[in-house]
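Asker: I am attaching a structure below and will ask some questions about it afterwards.
The values are calculated or read from the model by the stated rules, or taken from the named source; none is laboratory data. No experiment lies behind these values; they were computed from the predicted model shown. Neighbour counts are summed over all protein chains in view; Cβ atoms, including those assigned to glycine, are modelled from backbone coordinates with ideal geometry.
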């Protein structure tokens with residue numbers, strides 16, 4: 001029962017992060033999400049190493065644990081698989097949000113580069129319009 005509590009807590013955080021991902025609009029939002037997922041990947045990778053060390057300990061000293069040692073080892077292997085999958089998913093999400101952030105940043109810089117030209121065109125149009133209204 002207590003082993004399920006940390007998993008549920010992580011799901012709650014992940015659900016909250018998914019909501020943030022749905023609301024992400026700017027490149028800054030996506031950079032924050034990319035950083036979040038990169039941090040998650042590091043944490044999960046650390047947990048994989050921790051669980052691998054525990055598994056090694058269980059296997060090296062299986063005589064201490066008796067029959068229960070097989071259950072403990074199998075549970076450790078399941079945890080390793082879970083955390084490896086979580087690491088891979090977090091890395092994938094981080095890459096996805098980094099790509100979106102880069103695309104949005106390019107798009108924003110292209111729009112900003114066009115703005116001076118648009119402003120100049122607006123000035124020219126306003127001069128033309130003001131000049132034509134003076135002639136009437």
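Asker: Report yes if some residue within segment 49-60 is at pLDDT below 90 and loosely packed, with under 15 Cβ neighbours inside 10 Å; otherwise report no.
Answerer: The answer is yes; a qualifying residue exists.
Asker: Going by the conditions given, is residue 114 closer than 20 Å to residue 41 by Cα and either within 17 Å of the chain's Cα centre (by Cα) or modelled with pLDDT under 90 (or both)? Even if it seems obvious, please write down each step before you answer.
Answerer: On the way: closer than 20 Å to residue 41 by Cα: no; either within 17 Å of the chain's Cα centre (by Cα) or modelled with pLDDT under 90 (or both): yes.
No: the conditions fail for residue 114.
Asker: Could you list, in sequence order, all residues of segment 26-74 that are under 30 Å from residue 101 (Cα atoms) and out of contact with any helix residue (DSSP H, G or I) (no Cβ under 7 Å at 6 or more places or on another chain)?
Answerer: Filtering segment 26-74 for residues under 30 Å from residue 101 (Cα atoms) gives 26-48.
Those that are under 30 Å from residue 101 (Cα atoms) and out of contact with any helix residue (DSSP H, G or I) (no Cβ under 7 Å at 6 or more places or on another chain): 28, 29, 32, 35, 39, 42, 43, 46.
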